[in-house]
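Remarks on the structure that follows.
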Amino acid sequence: MLEIGKKAPEFSLPDQNGEMHSLADYKGKKVILYFYPKDNTSGCTKQACGFGERYPQFREKGAVVLGVSKDSVASHKKFEEKYGLPFTLLSDTELDVIKAYDVWKEKKNYGKVSMGVVRTTYLIDEKGIIVKAMDKVKAADNPQEMLDLL
């Protein structure tokens, strides 16, 4: 996990509509950058819907929500449409940003070891500095925790 107080790594990724987004695009806003394992899985759906339900409150507090996974642009589009998600989902199929933010880790699932995205959320301030980093977050609780932090 990246250290609090450090500059957040710059990135440029396509969203669910194929449009490119960079961290620099959000200068002057707080950014909730959350990394999740996979579209349409139970935990990831709970987390995304939680952010979606609270999205107007995040906007009121001057924050944007960006979800990142290694799923494709097409997968993100289906996920967005299925659940009516009002925020941006970024596709990192090459794992460049996932690795830059140190969330690609060894995971154990039912005794099987594999590499995957560890559910992690970063709060980045208006100047691009990491002010909060949470790993192994609980999907259902994370959106409210982030709102409380703001």
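Read-outs throughout are calculated quantities, based only on the coordinates presented, and are distinct from any laboratory measurement. Everything numeric here is computed off the predicted structure, so don't read it as measured data. Reconstructed Cβ throughout: ideal geometry from the backbone, glycine too, with neighbour counts over all protein chains shown.
Can you give the helix-only mean residue ellipticity at 222 nm for the chain, where every DSSP H stretch with n ≥ 4 adds -39500 (n - 2.57) and the sum goes over all residues, rounded to the nearest 500 deg cm²/dmol? Please list the in-between numbers first.
Numbers: 5 runs with 42 residues, N = 150.
Mean residue ellipticity at 222 nm (helix-derived): -7500 deg cm²/dmol.
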What's the longest bit of the chain with no exposed GluC sites (Glu not before Pro), using DSSP loop states and at most 11 other Cβ atoms within 10 Å as the test? 20-93
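For Cα pairs less than 8 Å apart in space and 6+ apart in sequence, what is the mean separation divided by the residue count of region 12-149, i.e. the relative contact order in percent?
32
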Taking Lys and Arg as +1 and Asp and Glu as -1, residues besides Thr120 with C-beta under 15 Å from its C-beta add up to +3
Among (i) 10.4; (ii) 11.3; (iii) 8.1, the entry derived from the coordinates for mean projected area of the Cα convex hull in nm²: (iii)
In nanometres, what is the gap between the two model label sites at Thr93 and Asp25, each 7 Å from Cα along Cα-to-Cβ? 1.8
